[in-house]
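Right, one structure below, let's go through it.
FYI, it's all coordinate maths here, none of it is from the lab. All of these numbers come straight from a predicted model, not from anything done at the bench. Please note: Cβ atoms are built from the backbone with ideal geometry, for glycine as well, and neighbour counts cover all protein chains shown.
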């Protein structure tokens with residue numbers, strides 16, 4: 001019992017840690033993030049000693065990201081044409097938290113951008129209202145002037 005506990009502690013201390021995007025699990029330690037979604041970064045402790053950290057992007061008929069751990073023995077980045085007129089770009093590494101997850105749109109940044117867009121729309125709407133009020137007032141003054149009515153506001 002003590003030996004099993006010691007083995008678990010030793011193996012977890014040496015386990016590779018990789019970034020992944022919280023979402024739909026597609027394999028033991030790999031997750032998919034669809035193009036319409038954003039990434040909530042998390043850390044997974046990979047189970048096997050020969051595991052690599054992975055970030056893969058598939059673009060084409062269906063666009064999505066895959067992140068987490070992978071057992072495919074490959075280091076670096078490469079790009080491949082795959083069926084359905086699609087492209088697979090993957091990067092793998094074998095040190096803690098090395099996979100470049102920042103390539104996947106982050107939910108915090110997406111939310112911030114959405115808030116900025118909402119604020120800009122609100123300011124634009126407010127300006128539009130003021131422009132319409134000013135425009136309406138100017139038209140009103142122009143009509144009064146054309147009618148040769150003397151109005152002090154204009």
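Here are a few things to note about the model shown:
- Going from the residue with the fewest nearby Cβ atoms within 10 Å to the one with the most, 104, 26, 32 rank 26, 32, 104.
- Ascending count of other beta-carbon atoms within 10 Å, so fewest first, for 18, 91: 91, 18
- When 39, 77, 98 are arranged by Cβ crowding within 10 Å, least crowded first, meaning fewest neighbours, the order is 77, 98, 39.
- Overall form of the stretch 2-105 per C-alpha gyration tensor (a/c, 1.5; a/b vs b/c): prolate
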